[in-house]
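Down below is the structure, laid out as structure tokens.
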Amino acid sequence: LRSPQIYLVYSTYAKLKSTKVPHSGIRPAFISGIIWSVGFALNLVALRILGYSTGYTLGAIGPVMLTSGLSYAWFGEVSDPSSVRAFCIALILQVIGVGFVAMGRA
């Protein structure tokens, strides 16, 4: 909540002083902060619905699995055959671990 207030005060001050505000430099950081805040709020909801063991595991491992999958599939960051094999093994182990946590809750 503090960053929008700072941005508003800064923009107002810059407008009064007739200086330019670098919106193009601020906008990506502002949008990523909004996305992070929404994700954090949804993680808190997941903790309440799923409980701490499953909710925290999914909240901590889920984004790692998503970003690592994107780095492999979309950006092609893992390309060496031995690295792809290690990546797939690690991903499978993560899925198995999260599955065990979810089964332990049931």
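The values are calculated or read from the model by the stated rules, or taken from the named source; none is laboratory data. Since the structure is predicted, the reported quantities are computational estimates derived from the model, not experimental observations. Note: ideal-geometry Cβ built from the backbone for every residue, glycine included; neighbour counts use all protein chains shown. Surface accessibility is based on the protein's heavy atoms, side chains included, excluding ligands, DNA and RNA. Shrake-Rupley method; radii C 1.70, N 1.55, O 1.52, S 1.80 Å.
Observations
- In sequence order, the range 78-93 has phi-based couplings of 10, 10, 5, x, 5, 5, 5, 4, 5, 4, 5, 4, 5, 5, 5, 5 Hz under the Karplus curve 6.51 cos²θ - 1.76 cosθ + 1.60, θ = phi - 60°, and Gly or Pro positions carry x.
- Karplus-derived HN-Hα couplings along the range 57-74 (A = 6.51, B = -1.76, C = 1.60, θ = phi - 60°), whole Hz, x at Gly and Pro: 4, 5, x, 8, 8, x, x, 5, 5, 5, 5, 5, x, 5, 5, 7, 7, 8
- Where a label projected 7 Å from the Cα of ILE92 along Cα→Cβ would reach, residues of the range 55-79 with amide N under 14 Å: none
- Size of the chain: Rg and Dmax of its alpha carbons, in Å, are 20.4, 61.
- Over all pairs of different C-alpha atoms in the range 37-84, the reciprocal of the mean inverse distance, the Kirkwood hydrodynamic radius, equals 12.1 Å.
- When LYS20, LYS15 are compared by accessible area of protein heavy atoms, the largest-first order is LYS20, LYS15, using a 1.4 Å probe.
- Calculated [θ] (222 nm, deg cm²/dmol) that DSSP helices of n ≥ 4 give over the chain, each run adding -39,500 (n - 2.57): -29500 deg cm²/dmol
- Percent accessible area from carbon and sulfur atoms, the chain, protein chains only, probe 1.4 Å: 72 percent
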